[in-house]
Amino acid sequence: MKKISIILFLGFFGVCILCGWYVYVNKKEQIKLQDENKQFISDSFDATQLTELSRDINESFSDKTVSIVFAGDMNFDRHIRHVGSKKGYDFILKDVGNLMKSGDCFVANLEGPLTNHDSVSIDSEIGSANNYKFTFNPLVAEILRNYNTCMVNIGNNHIHNFGDEGVKSTKAYLKNAKVSYFGDTGLEENDRTYIKKIKETKIAFANYNAFSSDAIKHINEDIDNLKENSDFVVVYTHWGVEFSSISRSNERDIAHQLIDRGADVIIGSHPHVVQESEKYNGKMIYYSLGNFIFDQYFQPETQEGLLVRVTFDKKNDIISFQENTIYMKNTGQTVIIKN
């Protein structure tokens, strides 16, 4: 019995020795392979090459999509003009500036003309005619360009506040600042729409301006022309009832007709409050993004607005959306309150 125990012990001891030797040899081989791999990487790529390779991959991926940040109404007169002259327009935009610059382009509604006229709405009586007659300092065009604004809609009910000459001067100041524009202003000019090529994607912009004569006729013609020459068609609307949080059935009918005709996205403005959004036939409709830059501080609904980052994926024919809520403080600043 004693001999059997000794034999079993020696056998167990021998097995342990063999297992230990196997683990040692295997581990040594793994370390050798790791060293060889490290040496291969070191010999093949230096740190600079690895960084460039990573950047090339990221750039290749980003080239496949285009992101545009959309906002609602911008009014740079009245209290906003006063703040801009005292503290500078950077003060108004600095908090939301990174969000404006987060896409390839920023687009919003310019709710009035750029002219060299003095403001008549500053310090005017609330409710008076002058209180709703807007003009913006021409410097606003440069400020917007500095904050990644590549495009503005000028088809709205305030663009003619200083007549046809105000419309023409607006276009001139925007061109000088390298900010493109689109919109149905009612003038017999051939620039209601704009096709912007960003990277390898052509995005067309058109405007339905409910305050312009022949608005339906114009937008139908524009969509027909644009959809054949672009990858995506965005319709920026100016419509609806001011301060109403729900769109009317008339706007919904028009929106559906525009989608059926070929629009890929509809972005709404004018009500000065955020309205509902809707997915129709696979396309998104934002009936109103509310205010973006404005001095309407009399209720929370007019102080809140929505920014929507729209990403266009041409290769996969996909459009995605990211929403951000912003808030207009009575200091004149627009700030982000929710991401």
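The values are calculated or read from the model by the stated rules, or taken from the named source; none is laboratory data. The structure presented is a predicted model; accordingly, all values stated were derived computationally and were not measured. Methodologically, a virtual Cβ is constructed for each residue, glycine included, from the backbone with ideal geometry; neighbour enumeration extends over all protein chains shown. Ligands, DNA and RNA are excluded from the accessible area calculation, which covers all protein heavy atoms including side chains. Shrake-Rupley method; radii C 1.70, N 1.55, O 1.52, S 1.80 Å.
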Query - Distance violations [Cα-Cα > 25 Å] among Lys94/Lys227; Lys101/Lys178; Lys202/Lys329; Lys64/Lys94; Lys101/Lys171 - result: Lys94/Lys227; Lys202/Lys329; Lys64/Lys94
Requested in this report: Give me the Debye-computed log₁₀ of I(q)/I(0) at q = 0.17, 0.27, 0.32 Å⁻¹ for region 63-113, equal point scatterers on Cα only, no solvent, two decimals.
Outcome: -0.61, -1.10, -1.18
Query raised in the report: Scattering from the C-alpha atoms of region 123-233 alone, worked out with Debye: what is log10 I(q)/I(0) at q = 0.10 1/Å?
Result: -0.33
Query raised in the report: Just how far, in whole angstrom, is region 88-152 from region 225-275 if you go by their alpha carbon centroids?
Result: 22
Requested in this report: Using label points projected 7 Å from each Cα along Cα→Cβ, tell me how many nm separate Glu228 and Asp164, to one decimal.
Outcome: 3.0
Requested in this report: State, in angstrom, two size descriptors of region 140-185 derived from its alpha carbons: Rg to one decimal place and Dmax to the nearest whole number.
Outcome: 10.2, 28
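Could you state the accessible area per residue of region 106-171 in Å², with a 1.4 Å probe and every protein chain left in place? All intermediate terms of the calculation are to be shown ahead of the outcome.
Details: 2530 Å² over 66 residues.
For region 106-171, the per-residue accessible area is 38 Å².
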Query - Gyration tensor verdict on region 171-329 (Cα atoms; rounded if a/c is under 1.5, prolate if a/b is larger than b/c, oblate otherwise) - result: rounded
Report task. Would you compute, for the Cα atoms of region 270-339, the largest minus smallest coordinate along each principal axis and list the three values in descending order, in whole Å? Result -> 44, 19, 16
Report task. List the equivalent ellipsoid semi-axes of region 229-305 in whole Å, largest first, each obtained as the square root of 5λ for an eigenvalue λ of the Cα gyration tensor. Result -> 24, 13, 9
Query raised in the report: How much accessible surface area, in Å² rounded to 10, belongs to the heavy atoms of Glu304 with a 1.4 Å probe?
Result: 80
